[in-house]
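The structure appears right after this line, and notes come after that.
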Amino acid sequence: MTVGKGGGAAALGFQMHYVDEGSGPVVICLHGNPTWGFFFRHLITELKNDFRVIVPDHIGCGLSAHPANAHFRAADRIAHLQELLVHLGIERFSLVMHDWGGPIGTGLAVRTIQAVERMVYFNTTLAETALLPAMIRRAAAPLIGNFLTKQTMRFLKLMTRFGVASSMPLDVKQGYYFPYATRARRTAIWDFVQDIPFQSSHPSYRIMREMVAKLPELADVPVKIIWGLRDPCFHLEVFKRVAAYFPHADIVKIPHASHLVLEDAPQLTITEVRDFLTAIPKAASPSPRLVPPGGLYGAFQAAAAAVPLVAAATRATFPRLSRTPRYETLSFRALADRVCRYENGLAALGLLPGERVIMLVSPGADFLALSYAVMGRGGVPVFIDPGMGVEAVVACIREARPSGFIGVPKAHLLRLKDRRLFQSLKFSIVANRFPLAGFTTLRDMEQNRGLESEQFPVSIGKVALRQPEDVALVAFTSGATGLPKGVVFTNQMLTQQLTIFQAEFGFRAGEQDLPLLPIFSLFTSALGVGSIFPPLNPSRPLSLYPAKIVRVMQDLGNETSFGSPALWNKLGTYCRQTGQSLPQLRRVFMAGAPVSSATIDLVQAACPGAQSFTPYGATEALPVTIAAAADLRHRPIVTAVSGEMGTPVGRVVAGVSLRIVDPKTIPTPEQFSSRQAGQWVDCPPRTIGEILVSGATVSAEYLHRPEATAAGKFDDGQRIWHRMGDMGYLDEAGELYFCGRRVHMVTTPERVFHSVPVENVFNQHARVHRSALIGVGGKPAIVVEPRQSQRPVGVAARRRFAEELQAIGAHDPVTAAIQRFYFNRSFPVDVRHNAKIFRDRLAHWATTQTATVVGDLLKRPAGTA
């Protein structure tokens with residue numbers, strides 16, 4: 001090609017070559033890898049009569065300097081372009097970008113928003129590295145990648161062979177090869193491949209994420225996308241993802257073109273670019289401004305408007321016999337559109353404000369969309385833990401008295417347990433898209449069958465009439481210490497919880513979260529935080545494969561993750577054994593059970609850049625306190641005056657009031673009706689008592705359970721107090737220490753034994769996985785679940801183990817009197833957290849066993865002295 005007017009600019013001390021042709025509005029063309037400005041030769045010729053066309057070669061590419069010992073990343077190349085703009089005195093410009101030129105040019109655009117006039121994209125990627133084919137990943141591998149890109153011409157020749165749909169003429173091939181004739185001149189090709197951020201720990205990963213998060217700021221810039229559909233690298237799924245960032249873009253798909261669109265379809269491509277650059281911009285029609293009704297639904301709508309292009313839901317799957325995950329992503333804008341369609345579908349089915357809908361939907365985009373859609377119609381989604389067992393799930397459904405049922409196909413088998421209940425429903429929906437005769441599916445919902453005229457703004461208007469105190473959702477407890485109860489959440493309660501999550505937990509819109517407790521995604525999505533759904537069975541979360549979860553986290557770079565201590569213990573152990581880590585994580589939340597220092601150490605090692613938090617709360621009151629693990633490690637433990645060492649769980653969050661009350665002075669519901677609330681006696685510091693909480697985040701009632709509400713909720717005339725059902729104490733500084741559930745206390749004439757302090761003592765034994773305090777015959781006993789490889793076999797082995805445990809307990813006055821020990825292979829625990837031990841079941845099991853009683857040579861039947 002004829003360079004014509006051109007030159008060089010010094011970028012960070014290295015010469016950057018550029019073509020500068022024509023006059024008029026400035027158009028900057030940015031090439032990718034392993035091409036150079038030669039790619040734009042025909043476009044320059046066609047545009048230079050009407051535009052000033054500037055085509056730089058990235059440093060290390062084309063005719064620019066090829067430094068041997070300097071290596072550049074995306075951030076460096078964006079900085080090079082900024083220097084070039086200053087050097088040339090350019091204040092306004094349009095961009096034409098191909099391949100790596102896409103993210104580099106877009107990175108420049110989000111830094112110079114006011115200067116950008118128009119943007120044209122040829123086949124490229126912005127942050128879709130997870131979708132790139134295996135051949136690109138192999139090219140980035142250290143040995144084979146260096147061989148393909150730098151040591152040989154293989155990568156270049158693959159580009160000129162497979163990057164076009166028809167054979168490329170020899171002279172054109174030679175033009176592409178010309179600047180890269182020697183190994184030394186191919187350093188930048190290898191650098192570009194190495195700079196593809198396949199892992200979240202990669203230095204360029206955060207640059208790409210931040211760039212995508214800022215794309216809404218370019219919403220007023222006209223965009224054109226021209227794409228060769230036969231591209232083996234930037235295939236159709238990559239195109240869809242890039243196009244989703246620019247919903248108003250002018251799109252041209254060229255079926256017969258591959259990666260190098262200007263080679264396969266030069267005339268069509270050039271005509272489309274020229275017409276786009278010369279067209280008079282159309283006035284953008286203003287988007288309707290929706291007034292959110294509050295609660296989770298209102299917050300989600302506001303978030304979707306604020307960060308429409310951020311990934312709202314990403315589903316990770318592993319094909320059979322494959323270690324490479326596949327990702328399906330839905331942006332906040334697309335999720336909001338799906339919510340809209342589901343809302344209208346629910347309207348067609350007759351859902352009315354206040355009606356309850358059972359939600360047994362797998363975690364993912366549809367779980368979010370359906371839940372928000374029910375709320376949007378003014379309905380009340382009801383969430384039930386599927387792991388509690390069929391009978392318990394059916395009992396919860398009956399208690400909820402629903403009008404609708406939305407569930408995966410398997411959930412509809414519950415009809416066999418209570419046909420009359422399902423026959424009374426107004427509607428039931430199968431949560432999949434495959435047509436099923438006689439059933440309403442998500443496909444029917446999206447097509448709004450039976451609905452002729454109702455539109456999204458109408459739905460919003462109706463919901464806006466609902467009040468902050470209206471019921472927004474119902475979530476059933478796990479039933480770990482009794483029958484599951486439906487906790488009622490109001491819009492006001494949810495709004496306050498979101499405020500605390502944002503203020504106390506530091507969630508920021510545009511971030512990504514991987515919730516190991518999927519219902520938590522309803523809250524993070526309402527804050528503009530995307531949710532990543534890994535392969536995880538919500539009814540058996542501990543059956544997860546750590547390798548898959550870690551791989552997904554490393555690929556997608558989530559900043560936050562929420563899960564139980566048991567789940568994080570499993571992930572941390574895997575990272576320790578394999579030497580892997582999750583450096584991109586900034587926040588790890590562990591809740592549902594006390595968190596041991598060993599688990600905190602594992603998480604800290606696996607996530608060196610993360611702060612670990614251990615919030616304390618319950619379904620009825622979340623959160624109550626929060627503690628940073630780093631603070632807990634450096635703060636000395638304060639024991640109770642009676643000697644117990646509880647588990648510190650931090651300070652009370654803003655907006656929540658907490659009291660430690662002598663349980664003997666808590667009046668019965670009948671006494672409350674007689675205005676005898678003043679009998680409460682608050683415990684002094686370091687004295688164990690029952691924990692009571694109050695505040696805007698505390699639920700005021702249980703669904704259809706007036707007796708449970710009366711027993712657990714007290715109105716003192718000024719506020720409602722909720723009995724957490726837990727025992728604990730406050731130290732002089734106001735730190736809360738958790739001592740276990742009230743129903744798990746074992747009381748003898750000598751003292752009261754609290755589960756957590758007692759178990760903490762015996763859990764110090766290296767062979768103990770976990771332990772549980774139970775009462776047998778009015779006396780305290782310990783059940784031990786040994787580590788898998790440490791199980792005692794035979795009477796003598798159990799006795800030696802028990803003697804070692806008793807020796808540990810004898811040194812602590814809290815446990816010195818405990819002499820009965822049982823050994824259980826696997827504790828019965830709740831499915832949701834895999835940490836809440838069903839001690840009542842263990843106590844019943846113990847009555848069928850023989851205790852190992854230390855100090856007595858004879859084994860005694862359980863329950864005897």
For PHE318, the lone unmet condition from (1) more than 30 Å from ARG137 (Cα to Cα); (2) modelled with pLDDT under 95; (3) of a type in the set (A, V, I, L, M, F, W, C) is (1)
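Those residues that are open to solvent by less than 40 Å² (accessible area, probe 1.4 Å) and more than 37 Å from the chain's Cα centre (by Cα), I need them from the stretch 776-791; list them, please.
So the first thing to find is which residues in the stretch 776-791 are open to solvent by less than 40 Å² (accessible area, probe 1.4 Å), and the list is 776, 780-786.
Selection gives VAL776, PRO780, ALA781, ILE782.
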If you take the residues of the stretch 617-664 that are within 17 Å of ILE720 (Cα to Cα) and among the hydroxyl-bearing types (Ser, Thr, Tyr), which of them is surrounded by the most Cβ atoms within 10 Å (Cβ to Cβ)? THR619
For the stretch 494-507, state whether one or more residues are surrounded by fewer than 23 Cβ atoms within 10 Å (Cβ to Cβ), in contact with a Leu (Cβ under 7 Å, 6 or more places away or on another chain) and assigned to a strand (DSSP E or B). no
Here the residues within the stretch 508-551 that are under 23 Å from ARG333 (Cα atoms), of a type in the set (D, E, K, R) and open to solvent by 20 Å² or more (accessible area, probe 1.4 Å) are ARG508, GLU511
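Out of all the residues in the stretch 214-228, is one or more closer than 30 Å to PRO142 by Cα, crowded, with 18+ Cβ neighbours inside 10 Å, modelled with pLDDT of 90 or more and not acidic (Asp, Glu)?
Kept after step one, since they are closer than 30 Å to PRO142 by Cα, are these residues of the stretch 214-228: 228.
Checking which are crowded, with 18+ Cβ neighbours inside 10 Å leaves us with 228.
Still in the list and also modelled with pLDDT of 90 or more: 228.
Among the residues that remain, those that are also not acidic (Asp, Glu) are: 228.
Yes, some residue in the stretch 214-228 is closer than 30 Å to PRO142 by Cα, crowded, with 18+ Cβ neighbours inside 10 Å, modelled with pLDDT of 90 or more and not acidic (Asp, Glu).
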Expected output for the stretch 689-705 (first residue in contact (Cβ under 8 Å) with a residue 60 or more places away in the chain and of a type in the set (S, T, N, Q), partner crowded, with 22+ Cβ neighbours inside 10 Å and part of a loop (DSSP other than H, G, I, E, B), Cβ below 9 Å, 6+ apart or cross-chain) is THR697/VAL653; SER699/GLU620
Would you check if ARG323 is open to solvent by 20 Å² or more (accessible area, probe 1.4 Å) and within 26 Å of PHE422 (Cβ to Cβ)? no
Please specify each residue of the stretch 88-147 satisfying the condition of being at pLDDT below 90 and touching a Phe, Trp or Tyr at 6+ places or on another chain (Cβ under 6 Å). THR129, ALA130
Of (1) more than 30 Å from LEU131 (Cβ to Cβ); (2) open to solvent by 20 Å² or more (accessible area, probe 1.4 Å); (3) at pLDDT below 85, VAL463 satisfies all except one. Which? (2)
Lone unmet requirement of (1) surrounded by 15 or more Cβ atoms within 10 Å (Cβ to Cβ); (2) more than 19 Å from VAL829 (Cβ to Cβ); (3) among the acidic types (Asp, Glu) for GLU707: (1)
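Before we move on, is VAL374 hydrophobic (A, V, I, L, M, F, W, C) and either free of Cβ contacts under 8 Å to residues at least 40 places away in the same chain or open to solvent by 30 Å² or more (accessible area, probe 1.4 Å) (or both)?
Values: hydrophobic (A, V, I, L, M, F, W, C): yes; either free of Cβ contacts under 8 Å to residues at least 40 places away in the same chain or open to solvent by 30 Å² or more (accessible area, probe 1.4 Å) (or both): yes.
Answer is yes for this residue.
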Counting only residues that are among the acidic types (Asp, Glu) and out of contact with any helix residue (DSSP H, G or I) (no Cβ under 6 Å at 6 or more places or on another chain), which one in the stretch 337-371 is surrounded by the most Cβ atoms within 10 Å (Cβ to Cβ)? ASP366
Name the residue, out of THR314, THR329, that is outside any loop (DSSP other than H, G, I, E, B), open to solvent by 40 Å² or more (accessible area, probe 1.4 Å), over 20 Å from VAL430 (Cα atoms) and in contact with a strand residue (DSSP E or B) (Cβ under 7 Å, 6 or more places away or on another chain). THR329
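Could you say whether any residue in the stretch 587-607 is of a type in the set (Ser, Thr, Tyr), closer than 28 Å to GLY689 by Cβ and surrounded by 20 or more Cβ atoms within 10 Å (Cβ to Cβ)? Give the derivation first.
Here is the first cut: in the stretch 587-607, the ones of a type in the set (Ser, Thr, Tyr) are 596-597, 599.
Now drop any that are not closer than 28 Å to GLY689 by Cβ, which leaves 596-597, 599.
Now drop any that are not surrounded by 20 or more Cβ atoms within 10 Å (Cβ to Cβ), which leaves 599.
Among the residues of the stretch 587-607, at least one is of a type in the set (Ser, Thr, Tyr), closer than 28 Å to GLY689 by Cβ and surrounded by 20 or more Cβ atoms within 10 Å (Cβ to Cβ), which makes the answer yes.
Scan the stretch 162-183 and tell me whether some residue there is in a helix (DSSP H, G or I), within 43 Å of the chain's Cα centre (by Cα) and free of Cβ contacts under 8 Å to residues at least 60 places away in the same chain.
no
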So, of the residues in the stretch 132-145 that are in contact with a helix residue (DSSP H, G or I) (Cβ under 8 Å, 6 or more places away or on another chain) and surrounded by fewer than 17 Cβ atoms within 10 Å (Cβ to Cβ), which turns out to be nearest to LYS240 (Cα to Cα)? ARG138
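When residues of the stretch 97-117 are filtered for being buried (at least 20 other Cβ atoms within 10 Å of the Cβ) and either in a helix (DSSP H, G or I) or not aromatic (Phe, Trp, Tyr) (or both), how many remain? Before the answer, list the steps.
Of the residues in the stretch 97-117, the ones buried (at least 20 other Cβ atoms within 10 Å of the Cβ) are 97-109, 116.
Next, only the ones that are either in a helix (DSSP H, G or I) or not aromatic (Phe, Trp, Tyr) (or both) stay: 97-99, 101-109, 116.
Result for the stretch 97-117: 13.
Each row is one residue, and each column tells you yes or no for (1) open to solvent by 30 Å² or more (accessible area, probe 1.4 Å); (2) more than 14 Å from the chain's Cα centre (by Cα); (3) charged (D, E, K, R).
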| site | (1), (2), (3) |
| --- | --- |
| ASP555 | no, no, yes |
| GLU559 | no, no, yes |
| PRO565 | no, yes, no |
| LEU571 | no, yes, no |
| TYR574 | yes, yes, no |
| GLN580 | yes, yes, no |
| GLN584 | no, no, no |
Considering the stretch 432-446, residues that are aliphatic (A, V, I, L, M) and open to solvent by 40 Å² or more (accessible area, probe 1.4 Å), and then whichever is nearest to LEU368 (Cα to Cα), we arrive at LEU436
Which members of the stretch 389-406 meet the condition of being at pLDDT 95 or above and either over 19 Å from LEU703 (Cβ atoms) or of a type in the set (Phe, Trp, Tyr) (or both)? PHE405
Looking across the stretch 229-276 at residues that are in contact with a Lys or Arg (Cβ under 6 Å, 6 or more places away or on another chain) and outside any loop (DSSP other than H, G, I, E, B), the single one that is least open to solvent (accessible area, probe 1.4 Å) is PHE276
Scanning the stretch 32-69 for residues that are of a type in the set (Phe, Trp, Tyr) and within 42 Å of the chain's Cα centre (by Cα) gives TRP36, PHE39, PHE40
Report every pair of residues separated by at least 6 positions or lying on different chains whose Cβ atoms are under 6 Å apart, first residue within the stretch 791-802 and on the phi < 0 side of the Ramachandran plot, second of a type outside the set (D, E, K, R) and part of a helix (DSSP H, G or I). PRO792/PHE801
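For residues in the stretch 394-431 being of a type in the set (Phe, Trp, Tyr) and out of contact with any Gly (no Cβ under 7 Å at 6 or more places or on another chain), which is least open to solvent (accessible area, probe 1.4 Å)? Even if it seems obvious, please write down each step before you answer.
Our first condition is that a residue be of a type in the set (Phe, Trp, Tyr); within the stretch 394-431, this holds for 405, 422, 427.
Subset that is out of contact with any Gly (no Cβ under 7 Å at 6 or more places or on another chain): 405, 422.
Details: PHE405: 2, PHE422: 18 Å².
The selected residue is PHE405.
Of all residues in the stretch 174-206 being closer than 22 Å to VAL307 by Cα and open to solvent by less than 40 Å² (accessible area, probe 1.4 Å), which is modelled with the highest pLDDT? Please lay out each step first, then the result.
Of all residues in the stretch 174-206, those closer than 22 Å to VAL307 by Cα come to 200, 204-206.
Now drop any that are not open to solvent by less than 40 Å² (accessible area, probe 1.4 Å), which leaves 200, 204-205.
On the way: SER200: 73, SER204: 90, TYR205: 85.
Per the stated criteria, the residue is SER204.
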So the strands (runs of 3 or more DSSP E) completely within the stretch 592-650 holding 2 or more residues that are closer than 30 Å to TYR702 by Cα, modelled with pLDDT of 90 or more and in contact with a Phe, Trp or Tyr (Cβ under 6 Å, 6 or more places away or on another chain) are 621-626
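The values are calculated or read from the model by the stated rules, or taken from the named source; none is laboratory data. Treat the numbers as computed from the prediction; the structure is a model and nothing was measured. Here Cβ is always computed from backbone atoms with ideal geometry, including for glycine, and neighbour counts include all displayed protein chains. Note: accessible area is taken over every heavy atom of the protein model, side chains too, but ligands, DNA and RNA are not part of it. Shrake-Rupley method; radii C 1.70, N 1.55, O 1.52, S 1.80 Å.
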